[in-house]
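Okay, so here's the structure we're looking at.
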Amino acid sequence: MVISTASIGLNVSSVSQAVTDLRRIAESAGGFVTDSFIEPIPRGRVVEGGVLAKAISRASLTMKVPSDQLDRTLAQTTSLGEIVSYSTNSRDVTDQFTDLTARLKNAQTVLEQYKEILKTARTTQDILSVQQRIDTVQEQIEVLTGQRNKIQNQVTYATIAIGLIEPQIIERPKVVEEDQGVLNRLLIQPFMVALAVAEILMRGLLILIVGLLPLYPIVGVGYIAYRKYSGKAKKNEEVS
C-alpha cells in the first residue's frame, strides 16, 4: 500500500482558466478538487524593479485523483503552462496499515468478550464496571478505524498540490531626457568644473616649483651668509 503525492508550480496565461481546466481534469479522472484559493493582484502593485503593468492573479489548489490515474493527471496538468517546480513522492504504508488492522481486530474481540460478561453481571457495581470497559474499548475501536480509513483513503486517492501564477508584466521607471539634463546640470557639470580647476592649480604649482629651481642655490648661499653674519654680530655684542 503506497501513498502518492505530487507538487507542481506553473506559469499560466490565465489563472482563472487554468483553475477551470484543473477541475475538469480532476473530474474526468474520477477525482475532485478539495480546496482552492485565488488571489487577484491589481495593476500598479509595487514589485521588485517596478510596478505591475496589468492586473494578474495567482492561485493554489489541491486535487484528489485515483492513484491509478496519477500519471495521466500529472501529464494533463503540466500541459496547462510552463513548469516552474515539480516533485513527486511515494510512501509505503503497508506495515502501518497491517498493524492498525490487527489492533482493530483485537479490540473488536475484546469488545465482544466484555459484552458476554455484561450479560452475566448481577450486581450494579459489576454492570457499571463492565460497561465502563466496553465504552473505553469502543473509543479505541473508533480511533483505530478512523486511522485505518484515513490511510485507505490516502492510498486510494493521490494528492496533487498545485500553485499557479500569471507571468508578471513589469513597468520599469523611465528617466526622460529633460530629467537627465537637469541631473547633468545639478550634479555632473559642477563636478567636472571642480575637477578642471583642481587640474589647473596642480599644473600651476608644478610650473612654479620647476621655475624656481635656478634660484635655490642663490637662496641657499644667501641663507648661509646671513647665518654667519648674524653669528659674528652676536659675538661682537657679547664682547663689548
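The values are calculated or read from the model by the stated rules, or taken from the named source; none is laboratory data. Predicted, not measured: the structure shown is a model, and the values here were computed from it. When we count neighbours, we look across all protein chains shown, and the Cβ atoms used for this are built from the backbone with ideal geometry, even at glycine. In case anyone asks, the SASA skips ligands and DNA or RNA and just uses the protein heavy atoms, side chains included. Shrake-Rupley method; radii C 1.70, N 1.55, O 1.52, S 1.80 Å.
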Test: residue in segment 48-65 that is on the phi > 0 side of the Ramachandran plot and at pLDDT 95 or above: no
Any hit, segment 98-106, residues being under 26 Å from residue 165 (Cα atoms) and either part of a strand (DSSP E or B) or open to solvent by 50 Å² or more (accessible area, probe 1.4 Å) (or both): no
Segment 80-92, residues that are under 20 Å from residue 17 (Cα atoms) and either in a helix (DSSP H, G or I) or open to solvent by 90 Å² or more (accessible area, probe 1.4 Å) (or both): 82, 84
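Give the number of residues within segment 113-134 that are assigned to a helix (DSSP H, G or I) and surrounded by 12 or more Cβ atoms within 10 Å (Cβ to Cβ).
12
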Cβ pairs under 7 Å, 6+ apart, first in segment 72-92 and of a type in the set (A, V, I, L, M), second open to solvent by 100 Å² or more (accessible area, probe 1.4 Å): none
Criterion: within 22 Å of the chain's Cα centre (by Cα), touching a residue at least 12 places away in the same chain (Cβ under 8 Å) and surrounded by 16 or more Cβ atoms within 10 Å (Cβ to Cβ) - qualifying residue of 12, 51: 12
